[in-house]
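Okay, structure first, notes after.
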Amino acid sequence: MIRILIADDQTLLRDGLQTILNLEDDMEVVKVVGNGQEACEATKELQPNIVLMDIKMPVMDGIEAMKRIKRESPGTIVLILTTFAEDKFIVDSISGGADGFLLKDMPGDRIVQVVREAAQGHVMLPVAIAAKLAARLSAFSGTGSDTFNEAALKQRGLTFTERERKIILLMLEGQSNKQIAGTLFMSEGTVRNYISVIYNKIGTNDRPKAVALLKELVLQDAE
């Protein structure tokens with residue numbers, strides 16, 4: 001029997017999932033909850049095989065709850081419930097230990113199939129999610145040299161390593177250190193160290209000033 005916990009703050013959706021899954025002879029929804037904190041507590045108490053975890057919930061979001069569950073109950077499979085395929089959520093989820101994704105608009109029979117396959121140990125990446133992840137990783141597979149104004153860098157006597165360039169691009173996107181760490185599969189401490197080096201090179205440790213300076217000196221004109 002596959003024991004399932006559903007965490008979603010939308011009552012209609014979680015009740016619908018519960019109904020679909022409970023119709024299967026080999027599945028049982030042991031509890032439904034409305035936020036990440038409740039999901040962590042219920043997982044610790046009930047030890048389900050699979051947790052279906054929404055991302056955006058009150059009290060504690062799904063990604064933080066998933067990370068806590070993976071620390072406290074590493075054998076529990078966590079599938080992220082989503083209606084969209086946003087890059088930052090994909091990377092944050094995978095780097096945090098998610099076992100896969102379940103699109104909320106999937107047909108009922110496909111949802112059942114995904115849950116059953118996840119219980120068998122398969123990583124579940126719907127095509128839309130896989131495409132987004134591949135694009136995200138591809139964007140950072142090179143040095144990003146074509147994005148940088150080499151003449152401006154040379155004029156100012158600035159040089160950046162490949163990893164520093166990747167971090168700079170993410171800083172210019174407005175990502176936090178935590179988000180950068182998730183995108184590049186690094187620890188947050190390592191990201192801070194790299195950013196300190198970048199600050200030293202450009203002569204400021206104020207992030208808004210650093211971003212403005214990098215935007216002015218590094219990025220080529222869009223023309």
**OP:** Taking a cut-off of 20 Å between Cα atoms, list the aspartates and glutamates near Lys215, but don't count ones fewer than 8 places away on the same chain.
**Re:** Asp146, Glu150, Glu162, Glu164, Glu173, Asp206, Glu223
Subject >> lysines whose Cα lies under 20 Å from that of Lys104, excluding same-chain neighbours fewer than 8 positions away >> reply: Lys31, Lys56, Lys88, Lys132
Original post:
Can you give the relative contact order of the stretch 1-99 as a percent, counting alpha carbon pairs under 8 Å and 6+ residues apart?
Top reply: 27 percent
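Between Arg3 and Phe185, how high is the FRET efficiency from 1/(1 + (r/R0)^6) when r is the Cβ-Cβ distance and R₀ = 35 Å? Nearest 0.05. Spell out each step's value before the answer.
Details: r = 31 Å, r/R0 = 0.89.
Step by step, r from the Cβ atoms, then E = 0.65.
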**OP:** Rounded to the nearest 0.05, what FRET efficiency do Lys154 and Ser95 give with R0 = 45 Å and r taken as the Cβ-Cβ distance? Could you check?
**Re:** 0.80
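Do any trypsin sites (Lys or Arg not before Pro) in the stretch 1-49 lie in a DSSP loop with no more than 16 other beta carbon atoms within 10 Å, and if so, which?
Numbers: sites: Arg3, Arg14, Lys31, Lys44; in loops: none.
Listed in order of number, the matching sites amount to none.
Where a ≥ b ≥ c are the square roots of the eigenvalues of the C-alpha gyration tensor, would you call the stretch 145-217 rounded, which needs a/c under 1.5, or, failing that, prolate if a/b is larger than b/c, or oblate? List each step's numbers first, then the result.
On the way: a/c = 1.78, a/b = 1.53, b/c = 1.16.
Prolate shape, in that a/c is at least 1.5 and a/b is the bigger ratio.
Could you pull out the GluC sites (Glu not before Pro) across the stretch 1-108 that fall in loop regions by DSSP (anything but H, G, I, E, B) with no more than 15 other Cβ atoms inside 10 Å? Mind dumping the intermediate values first?
Numbers: sites: Glu24, Glu28, Glu38, Glu41, Glu45, Glu64, Glu72, Glu86; in loops: Glu24, Glu86.
Of the GluC sites (Glu not before Pro), the ones in loops of the stretch 1-108 whose Cβ has at most 15 other Cβ atoms within 10 Å are Glu24, Glu86.
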Original post:
If you average the sequence gap of Cα pairs under 8 Å that are 6 or more apart and divide by the length of the stretch 145-217, what percent do you get for the contact order?
Top reply: 32 percent
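Considering Cα pairs under 8 angstrom that are at least six residues apart, work out the relative contact order of the stretch 49-109 and quote it in whole percent.
Values: 77 pairs, mean separation 22.2, N = 61.
36 percent.
Classify the stretch 1-45 as rounded, prolate or oblate, taking a ≥ b ≥ c as the square roots of the eigenvalues of its Cα gyration tensor: rounded when a/c is under 1.5, otherwise prolate if a/b is larger than b/c and oblate if not.
Working: a/c = 4.08, a/b = 1.28, b/c = 3.19.
Oblate is the answer for the stretch 1-45, as a/c is 1.5 or above yet b/c matches or exceeds a/b.
In what sequence do Met1, Met53, Met186 fall when counting other Cβ within 10 Å, fewest first? The partial results should precede the final answer.
Values: Met1 11, Met53 28, Met186 18.
Ranking Met1, Met53, Met186 by Cβ neighbours within 10 Å, fewest first, gives Met1, Met186, Met53.
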**OP:** With a/c under 1.5 counting as rounded, go ahead and sort the stretch 2-136 into rounded, prolate or oblate using the C-alpha gyration tensor (a ≥ b ≥ c being the square roots of the eigenvalues; past the cut-off, prolate if a/b is larger than b/c, else oblate).
**Re:** rounded
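Quick note: the coordinates plus some simple rules give every number you see, no bench work behind them. These figures come from a predicted structure and were not determined experimentally. Please note: Cβ atoms are built from the backbone with ideal geometry, for glycine as well, and neighbour counts cover all protein chains shown.
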